[in-house]
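To start, the structure under review is shown below, and the notes come after it.
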């Protein structure tokens, strides 16, 4: 006899757990003449509590990450390779090992005040270490709250209700609606891995998997808040995130219909073949089925889930994301501050931004392209911009470009999906060029 998941306990888990997650992440809270979120209050409290010790904490994380990754690369010890959390944090490619070592060196230079000014300057390394401190506080504050948003059933509930529009709009199976929601709310690299596994099991074709990976693997809501905070427009976060959602959907509708995505073979994984057979139970109504799926998910939610998910996010971001930000962010700011390279290659984008009426167009033009390397760097490049509307535009653009090499690009290229570096860069450019006029339109509506 099939288990009945709809009971008082699971319904309360679904409603109260999901409600708490939505309250913390999405509900705007008045703060003076603007708005913020409860999560931002928590982040600020942690930052104030740590005070001057924060740079030393960041340096400690950078050194540990560099040393452990170097040990793993050279000796490949079992205590790292066979541990789920340690392997994700420290087992990486030679390029990332070098990046982590550079991050530790840059961090030591800034904290202890030695080395060339191009590294320790307030415009380069000092800015990055300060932003790493903000990132640390964000990670600590949201990691153990995020499961309430992702694991209590709200995504399953919305996914079932959205099935009728998913296939005609996005050309993917109805079951992908849950996958899409997971991608919107969860970490982008985790979403790509999830999609790859669905392809390997025969639930997506190559085209469907490649499309989802490059169009719906958005960064998490807290990271969107981090970007808004970094560029100084956290008071605009509700309209900021609403614009991200709308622009993301428009891009997804367009890009599935044009090359290179439209030219990816629409075939299943050769070994597994097609294993999907979608039929909504005829004896059930959609709303009732959505409730059943959400309660099935909520049934698996408990304190252990919160702790394990939180620890996994904390370990991954503190020992993987922060070192990459410290190294690549510092290098990008050095190049942007002390060389004209980004100005040269981004000149066409400057012309495009000027045509769209964006203030300080040529100043922010480099930020429109450097995101292909890492999603956080564009925000770093515009921290000194004074035009609020321009910050709004570039901040959103950096989050809807999606195809970041550090987060999803490497994973996609390692999968069996036929998307190489140049195709990924073409998709990145398509998203950038198409998104900008739409973002500018919303900026003119929301930002005065």
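The values are calculated or read from the model by the stated rules, or taken from the named source; none is laboratory data. On a predicted model such as this, the values are computed, not experimentally measured, just so you know. Quick reminder, even Gly has a Cβ in these numbers, built from the backbone with ideal geometry, and neighbours come from all protein chains shown.
Annotations for the structure displayed:
- For segment 250-266, the criterion of being surrounded by 14 or more Cβ atoms within 10 Å (Cβ to Cβ) and touching a strand residue (DSSP E or B) at 6+ places or on another chain (Cβ under 8 Å) is satisfied by no residue at all.
- If you go through segment 89-105 and keep only what is assigned to a helix (DSSP H, G or I) and either surrounded by 15 or more Cβ atoms within 10 Å (Cβ to Cβ) or in contact with a strand residue (DSSP E or B) (Cβ under 8 Å, 6 or more places away or on another chain) (or both), you end up with 89, 90, 96, 97, 98, 99, 100, 101, 102, 103, 104, 105.
- Single residue of 69, 65, 143 found to be crowded, with 18+ Cβ neighbours inside 10 Å and at pLDDT below 90: 143
- When the criteria are applied in full, residue 202 meets the requirement of being surrounded by fewer than 21 Cβ atoms within 10 Å (Cβ to Cβ) and either at pLDDT below 85 or within 16 Å of residue 403 (Cα to Cα) (or both).
- Subset of segment 288-309 [surrounded by 18 or more Cβ atoms within 10 Å (Cβ to Cβ) and closer than 30 Å to residue 69 by Cα]: 306, 309
Residues are listed down the side, and each one gets a yes or a no for (1) closer than 28 Å to residue 91 by Cα; (2) modelled with pLDDT of 90 or more; (3) not in a helix (DSSP H, G or I):
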{"site": "317", "(1), (2), (3)": "yes, no, no"}
{"site": "321", "(1), (2), (3)": "yes, no, no"}
{"site": "324", "(1), (2), (3)": "yes, no, no"}
{"site": "332", "(1), (2), (3)": "yes, no, no"}
{"site": "348", "(1), (2), (3)": "no, yes, no"}
{"site": "351", "(1), (2), (3)": "no, yes, no"}
{"site": "354", "(1), (2), (3)": "no, yes, no"}
{"site": "357", "(1), (2), (3)": "no, yes, yes"}
{"site": "362", "(1), (2), (3)": "no, yes, no"}
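- Hey, residue 108 in a helix (DSSP H, G or I), surrounded by 19 or more Cβ atoms within 10 Å (Cβ to Cβ) and either touching a helix residue (DSSP H, G or I) at 6+ places or on another chain (Cβ under 7 Å) or at positive phi (or both) or not: no
- Hey, residue 84 surrounded by fewer than 16 Cβ atoms within 10 Å (Cβ to Cβ), at pLDDT 90 or above and not assigned by TED's automatic domain parsing to the domain that holds residue 232 or not: no
- Screening residue 355 on (1) over 20 Å from residue 329 (Cα atoms); (2) touching a residue at least 60 places away in the same chain (Cβ under 8 Å) shows it passes everything except condition (2).
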